[in-house]
Amino acid sequence: MKKQSTPSRETAPAPAAVFGRTTQLDVENPPPDLYGRPQPDRFMRAVTAFGDTYTPAMGRPLLRRSPRLPAPRARAPLSLVVTAHRAVAEGVVELRLADPSGDRLPGWQPGAHLRLTLPSGRERHYSLCGDPADRTSYRIAVRLIADGGGGSREIHQDLHLGARLTVRGPRNGFAFCGEPKLLLLAGGIGITPLLPMAREAQRRGLDWHLVHAGRSEASMPFTEELRALAAMGVPPAGSRGRVTIRTEDAGGVPTAAELLSLARPGSAVYCCGPAPMLAAVQAAFDASPATALHFERFGAAPVLDGRPFTLQLGADGERLPVPADRSALDVLRAARPDLPYSCHQGFCGTCRVQLLAGTPEHRDRRLTAEERASGALLPCVSRAAEGETLVLEV
Ligand code: FES
């Protein structure tokens, strides 16, 4: 098996889920396309369903590990001010955040992200998409998720110039290792961590190619910036240039195999986008000429090896069935929309609830053994055995 690295923002499933899944291919009820939408393409259905089935096995220990940057030391939160807020594509705003005194900001590497505490108290993570050489401001881009938890709506509609935000980071769970040959695959707003990687690859003179796939060019941020970057260097003879902008309205949704066919032998692939895209790329990766895969997922990881169980709100409270394919957090939020969350992937701790009774399956990467023993639970990823009831103090 070839090398795959999973960053800290992406949470691998618990060991039982990694090796225990028995999903069947179901072409009559196809999985969604690379962007998580229903799709009619039979081949892509099969690829994605295959990925759902076999991706878990890819969480086994790596054969080789990429060189990683040293873990950053914890820093005090920053208090930054919004110095720019502008639309850069349909449904996407770009923000610049700076120190109110004009001080230099902590440095960062391509792939790093910030954790923002919004005025409402919501916490959200966003990849840095500016230039690491610019220490005067951080740049992030945020797509409006109309049916999300309200964080992107708050940024789009309520944040204004001069607003203050508490910012933690930068932290990097998607480190750029600078391999000589690179294929960068971005789905939608997943371009944000890959843009600084492309810039760094160009600066180092690496052999790189970036594919940005999206619904339409109008909905995709930074296309002109990418083209300008691509125009700076001379691509290798016979290559198709540095950047491919692939839009659904012009060429349909690419398959994972199609994307990976652009990798040169021995390439490292960096992929960031929605969960179905990552699952499909992971599934198709071993058949590609690439040798390493690094990825970062936006949004919730798919539920693997889920079994139906029940949540109970308080000792005598409402009982909420959790289906096998939904997270406990989703079900809880349907009943308690104010329940906070952030990463949806079991690493930030924002969704923490207190367990009063029942035996959970902890699937997070955040809680210590002591915290678990004292009843802490992260419902965005953690579950319970079939038929179990978890009684929560919420
Ligand atoms: S939302 Fe981050 S750990 Fe649950």
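The values are calculated or read from the model by the stated rules, or taken from the named source; none is laboratory data. Owing to the predicted nature of the structure, the values given are computational and were not obtained by experimental measurement. No Cβ is skipped: glycine too gets one built from the backbone with ideal geometry, and neighbour counts run over all protein chains shown.
What to note about this one:
A quick yes/no check of all residues on (1) farther than 30 Å from GLU388 by Cβ; (2) at pLDDT 85 or above; (3) not assigned by TED's automatic domain parsing to the domain that holds LEU206:
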| position | (1), (2), (3) |
| --- | --- |
| LEU229 | yes, yes, no |
| PRO236 | yes, no, no |
| SER239 | yes, no, no |
| GLY273 | yes, yes, no |
| PRO289 | yes, yes, no |
| HIS294 | yes, yes, no |
| GLY314 | no, yes, yes |
| GLU318 | no, yes, yes |
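- Exactly one residue out of SER120, SER101 is over 24 Å from TYR270 (Cβ atoms) and at pLDDT 95 or above: that is SER101.
- The range 264-277: number of residues that are out of contact with any Leu (no Cβ under 9 Å at 6 or more places or on another chain) and among the hydrophobic types (A, V, I, L, M, F, W, C): 1
- Any chance ARG45 is more than 30 Å from SER219 (Cβ to Cβ) and at pLDDT below 95: no
- Enumerated strands (runs of 3 or more DSSP E) restricted to the range 276-394, each holding at least 1 residues that are within 16 Å of the ligand (Cβ to nearest atom) and under 17 Å from the mean Cα position of the chain (by Cα): 292-298
- Within the range 366-394, the set of residues being hydroxyl-bearing (Ser, Thr, Tyr) and buried (at least 24 other Cβ atoms within 10 Å of the Cβ) comprises just one member, SER382.
- Going through (1) closer than 30 Å to PRO337 by Cα; (2) buried (at least 21 other Cβ atoms within 10 Å of the Cβ) one by one, ARG153 falls short only on (2).
- Options ARG365, ARG326, ARG336, ARG319; residue that is touching a residue at least 40 places away in the same chain (Cβ under 8 Å) and within 20 Å of ALA275 (Cα to Cα): ARG365
- Within the range 138-148, the set of residues being crowded, with 19+ Cβ neighbours inside 10 Å and small (Gly, Ala, Ser) comprises just one member, ALA141.
- Here SER127 clears all of (1) of a type in the set (Gly, Ala, Ser); (2) crowded, with 16+ Cβ neighbours inside 10 Å; (3) free of Cβ contacts under 8 Å to residues at least 12 places away in the same chain except the condition numbered (3).
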